[in-house]
Every structure is written in C-alpha cells, then in structure tokens.
Amino acid sequence: MAGLKRTPLYPVYERYGAKTVDFGGFEMPVQFSSILAEHEAVRTSAGLFDVSHMGEFEVTGAGARAFLQRLVTNDLSRLEPGSAMYSPMTYEHGGTVDDLLVYCFSDTRFWTVVNAGNIHKDWEWMNAALRADEPVSLVNRSDEIALLALQGPKAQAILQPLTPLALAELPYYRFAEATVVGHPAVVSRTGYTGEDGFELYVGAKDAEDVWQRILDQGQDTVKPCGLGARDTLRLEARLPLYGHELTDDVNPLEAGLGPFVKLEAGPFIGRAALAQAKADGLKRRIVGFRLLERGIPRQGYPVWADGRVVGQVTSGTMSPTLHEPIGLALVDAAFAKVGTALSVEIRGRQSAAEVVKTPFYRRAK
Amino acid sequence: MSSNIPADLKYSKEHEWVRVEGNRATIGITHFAQDELGDIVFVELPETGQELTANSTFGTVESVKTVSDLFAPVSGRIVEVNQALADAPEQVNQDPYGAGWMVVVEMSNPGELDELLDAAGYAQHTAE
C-alpha cells in the first residue's frame, strides 16, 4: 500500500498469513488466521500483537512532571517511578486531543505512549505547549521503539522463561526495565484487551527476534493476532478507541472517563471547560447497548429513541465472546440509563436495542 | 484452474457464483470473496417471493470488520432462501459453494447468464 508506514515487524507478517489494512497511516495486520479465532485465543490462552505503530515520546528534565501535568487530565502527582497511568489529554474547550499512557521512569524521565494516528498531532500539540524557558526536553522515539503486546491468561507463563524479571511480582499498571530474550526491554503489565498481559517495548532491530521467540516459547498456546481482534477485545472490555468514543468534539467525561479526570489536579489545559461541563450536567454520554434483533451496529449508524435521533453508534460488533451484537453509542444524556429502550438504524431499518451495563465482558479474577 | 473456482459455475465480477439447473439459479459468494471478508458473522437475505434485478443489491454479508453488499448476478423471483445462514453464517466461510449458498431464483431473463464470467474468466478477474 503506497504511502503507508510499516513497523519493524512488517517482514514477519507474510510468514504468518497476515492480511493488512491502513490503520493510522500504517500498513498493519488486521488478522493473521481469523479474527474470531484470535479473539478466542486471547480470552482463553494468549495472543501476540504487533502494536509498534503506537508512538512514544520521551519527556525528560527537571520540569518534566509539571509539563506533562499541564497536558493531561489525570493526577500525575501520584505517579511513582515504575508505574504507568492512563489519561486523556484535552483541548482548552474540553474535547479530546488523544488518550495515552504516561510511564514514569524517574522524577525527571517519562514516556507518553500515544495513538498511531495522532502521533503528528500530539507531537505538535505538546511542543506548542512547551515554554521556551522550561527545563524539559521532548524526543519522539516512535521510530526506534517497537511494541509487542502479549495478552491473555497464559501470557505470564509464556513470557516468564524469556525474562529474568519476576513477573508474578509485577502488578497491573507497573513496569520494569529488564531484558526479554537478552534484549533490553521495558516490560509493562498493561494492555488493551480486558485480559491480563504485558506490553513489551523493545528496540526496532530486536522486535523480530522477540516476536519469534515468544511464539516459539508459547507453541500452540499463543496465536499471532491482528488489529481486528484487538478491536473486538477492547470493545467487549469497553475500552475507548480514539476516533470512535473519543474525538476532538467529545470530552472525556462524556466518554465515561470521569475516573481519569482529576479536576483538583493540575491546572491542566481543558480543566475549566471540563469543570463547567460537569457543573452544568453532561448533555451526552457514551453508553453500552446490545441489539435485541439480528444485525450488527457499526460506527455512524443513527440511534433513535422517542421517535427522533438521539445519537449515533461509535463502535459496534458481533461480540465473539457473548455471541450477540453489542456497541457503544454517544447519546443524549436523557437516554443513557441502563435499561433504556433505543433503536439503531441499520440500512434504513430500525432495530431494537437496550442500554446495558458495561463492560460487556469482565475477566474472572 | 484452482479448485476454489469450480468449473461448472458462472461468476459475476462482484464475486457471486451462479449454479444453473434448468430455469433455476442458485446464488452464493465465491471462495475468494469469503476469504477476503474474513469471518462472516451476519448474512441478511431477502424473502421468498421477492424479485431480484440483475446488478442491483439483494442483501448484505457482514464479516467482523466489514459490510459488503450482495449483487444479483441475474434477474428473477426468489423461490428459496438459505435460512440456515441466520444461525450459522460461518457456513459461507466453510463451504461457500455448498452449505453457504444464499438464494435460489427462478430466472426471468436467462440471457443474462451470457454476461457472466466462466471459471477461467473469473480466475483471471481475481488475479488482476
């Protein structure tokens, strides 16, 4: 595909039968064998994803923490070395620039991990926010870092023989600098699937070796997985995807990310607008719904209630785990309560739906 | 010739196949089409008695990632619909020329068959 970037793992895709698509400007595998089989592997065993298209910015210097706090809605004062934190990043008007992970290596060294399609926008945004006299240095390391996600209940058992790091002692949203099959790696207990698992940040030149060794180690308990399964997995777990649940027009409170918006922290860009939105009461909310008739909801389909359009679908799929059509929709707040009857317009026809509790799927602890 | 393109069928450029028996035409989508779509999770078909017009849409097939229209390769009245696909759409992936058939039509203009590709023509079409 002309004009698309490729990750360092592109050369192995063909060996595993990948079909590729344009995602965020990258030629990425949408599936290797079958989205449904890959989805099930992650829920019951393990799956290995190439997510090297994600961007990594390194933020260093005495002012790094204060600088990042001006940009993100979560409370970075509580972020300790060795921990990662999820946070939206907002515009002055409260709409969402991106949602990202902040990794704290030390009080003067952080990473932000951003969505592939937003790398350029975020880079410009963060640099524009940087004051000339601020003791902060920003480096875009996206091209030199590859990111592999090993996800699923068997992830730890597969990865442990390949790293000296004691994985059982690494809690959720903690990370460590270690080695994986001898290569320097940041091993992070994070993911985007609703399962236990790890994200491994490795050098671009080491990515292929790490990928291959994990597959060799896991044998038939791990499957190479594409972005198709990543999308159905994250949707069942009700994890937002930028461009769907989050946009420059949708603020994180509307998206249900209130726990990651700390209005007492900061000040951060967008705080006043979000405080006002909260005080005024939200006009719209992202809700989870299930379709009560046959069909599949898709992004952009109109959502009806009381004889009028009250919102639209932001994500939808046939849930591979639940075997029913599910989705998320941005609707008028009056129709956001669990149990509310909605209908989704699919190719001109109304299909009954109801607002349900989310996440659609939660793993057994 | 690939065994994935049976020699006894006719094909449309939109990747439907047609099996002709007298005046009746059974219609489905090709192996190539199901492979391109990936896991098929929903098939929406018209009802028995409805009229199809060649080259117009008569239903949709949805995989996990995409929605794809079904185009009628010939005109006619639907006399049978594969109801099994409602509960088992994966049959289109597993057996596109057998259990994955979609509708049977009684052709109103069998001359339209001449517009379709034979197996060799379709093989060339999908290789392009």
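The values are calculated or read from the model by the stated rules, or taken from the named source; none is laboratory data. Keep in mind that this is a model prediction, so the values were computed, not measured. Note: ideal-geometry Cβ built from the backbone for every residue, glycine included; neighbour counts use all protein chains shown. For the accessible areas, the whole protein counts, side chains as well, though only heavy atoms, and no ligand, DNA or RNA atoms are used. Shrake-Rupley method; radii C 1.70, N 1.55, O 1.52, S 1.80 Å.
If you take the Cα centroid of the stretch A:140-192 and the Cα centroid of the stretch A:248-264, the two points sit 29 Å apart.
Both numbers refer to the Cα atoms of the protein assembly as shown; Rg and Dmax are 25.1, 84 Å. Normalised Debye scattering of the stretch A:109-245 at q = 0.14, 0.17, 0.19, 0.21 Å⁻¹ gives log10 I(q)/I(0) of -0.74, -1.03, -1.22, -1.38, counting only Cα atoms as equal scatterers and leaving out solvent. Of interest is the spacing of the C-alpha centroids, which for the stretch A:300-314 and the stretch A:1-39 amounts to 33 Å. According to the calculation over all Cα-Cα pairs in the stretch A:55-140, the P(r) per 5 Å bin from zero is 3, 15, 30, 29, 18, 6, 0 %. Can you tell me which lysines have their Cα less than 25 Å from the Cα of A:LYS19? Leave out same-chain residues fewer than eight positions away. Counting by Cα, and skipping residues close in sequence, A:LYS19 has these lysines nearby: A:LYS5, A:LYS205, A:LYS223, B:LYS13, B:LYS65.
Here is the list for the stretch A:203-282: GluC sites (Glu not before Pro) lying in DSSP coil, each with at most 15 other C-beta atoms within 10 angstrom of its C-beta, are A:GLU264. The residue among A:PRO224, A:PHE268, A:PRO252 whose Cα reaches farthest toward the positive pole of the charge dipole of the stretch A:218-365, with charges on the beta-carbon of Lys, Arg, Asp and Glu, is A:PRO224. In a GNM of chain A with a 10 Å cut-off on Cα contacts, which of A:GLY82, A:GLY203, A:GLY339 has the highest mean-square fluctuation? Maximum among the listed residues: A:GLY339.
For the protein assembly as shown, the solvent-accessible area works out to 41 Å² per residue, with a probe of 1.4 Å and every protein chain left in place. Here is the list for the stretch A:115-160: trypsin sites (Lys or Arg not before Pro) lying in DSSP coil, each with at most 10 other C-beta atoms within 10 angstrom of its C-beta, are A:ARG131.
Accessible area per residue was computed with a 1.4 Å probe on protein heavy atoms; A:LEU239 scores about 50 Å².
Once the chain from A:TYR16 to A:ALA168 is taken as fully extended at 0.36 nm per residue, the excess over their C-alpha distance is 51.7 nm. By the rule of a C-alpha distance below 15 Å, with chain neighbours fewer than 8 residues away ignored, the aspartates and glutamates paired with A:LYS154 are A:GLU38, A:GLU40, A:GLU195, A:ASP196, A:GLU199, A:ASP216, A:ASP220.
Each of B:ARG24, A:ARG78 has its accessible area taken with a 1.4 Å probe; listed largest first, they run A:ARG78, B:ARG24. Helical runs (DSSP H, four residues minimum) scored at -39500 (n - 2.57) apiece and divided by the length of the protein assembly as shown put the mean residue ellipticity at 222 nm at -5000 deg cm²/dmol. Mean-square fluctuations from a GNM of chain A, with a 10 angstrom spring cutoff on Cα atoms, peak among A:PRO29, A:PRO302, A:PRO161 at A:PRO161. Taking the empirical scaling 2.2 N^0.38 Å for compact globular proteins as reference, chain B has a Cα radius of gyration ratio of 0.96. Loop-resident GluC sites (Glu not before Pro) (DSSP state other than H, G, I, E or B) in the stretch B:27-104 with no more than 12 further Cβ atoms inside 10 Å of their Cβ: B:GLU47.
Net charge dipole, the protein assembly as shown: roughly 1660 debye, given to the nearest 20, about the Cα centre with Cβ charges of +1 for Lys and Arg and -1 for Asp and Glu. Ordering B:GLN94, B:VAL105, A:GLY243 by the projection of their Cα atoms onto the charge dipole of the protein assembly as shown, which places +1 on the Cβ of Lys and Arg and -1 on the Cβ of Asp and Glu, puts A:GLY243 at the extreme positive end. At the residue level, A:ASP280 shows approximately 100 square angstrom of accessible surface with a 1.4 angstrom probe and all protein chains present. Each eigenvalue of the Cα gyration tensor of the stretch A:259-365, multiplied by 5 and square-rooted, gives one semi-axis; in descending order these are 28, 18, 11 Å. For the stretch A:174-315, the dipole from Cβ point charges (+1 on Lys and Arg, -1 on Asp and Glu) about the Cα centre works out to 540 debye, to the nearest 20. Shown for the stretch B:55-74: residues covered by the partner protein chains by 30 Å² or more of accessible area relative to the chain by itself (probe radius 1.4 Å), namely B:GLU62, B:VAL64, B:LYS65, B:VAL67. Spatially, the stretch A:317-335 and the stretch A:210-233 are offset by 26 Å when compared through their Cα centroids. Projecting the Cα positions of A:PRO325, A:HIS183, A:SER106 onto the charge dipole of the protein assembly as shown (unit charges on Cβ atoms of Lys, Arg, Asp and Glu, taken about the Cα centre) puts A:SER106 furthest along the positive direction. Solvent-accessible surface of protein heavy atoms, probed at 1.4 angstrom with all chains present, puts A:THR193, B:THR57 in the order B:THR57, A:THR193, largest first. Sorting B:SER56, A:SER45 by solvent-accessible area of protein heavy atoms yields B:SER56, A:SER45, largest first, with a 1.4 Å probe. The ratio of the alpha-carbon radius of gyration of the stretch A:242-285 to the globular-protein estimate 2.2 N^0.38 Å is 1.10.
What is the magnitude of the charge dipole of the stretch B:37-88 about its Cα centre, with +1 placed on the Cβ of each Lys and Arg, -1 on the Cβ of each Asp and Glu, and no other charges, expressed in debye to the nearest 20?
Here the stretch B:37-88 has a charge dipole of around 140 debye.
Between chain A and chain B, roughly 1400 Å² of accessible surface gets buried, counting both sides and using a 1.4 Å probe.
What a 1.4 Å probe finds exposed on the stretch A:283-356 is 51% carbon and sulfur by accessible area, rounded to a whole percent.
By the Cα gyration tensor, the stretch A:198-244 has an equivalent ellipsoid whose semi-axes, rounded to whole angstrom, run 25, 15, 8 from largest to smallest.
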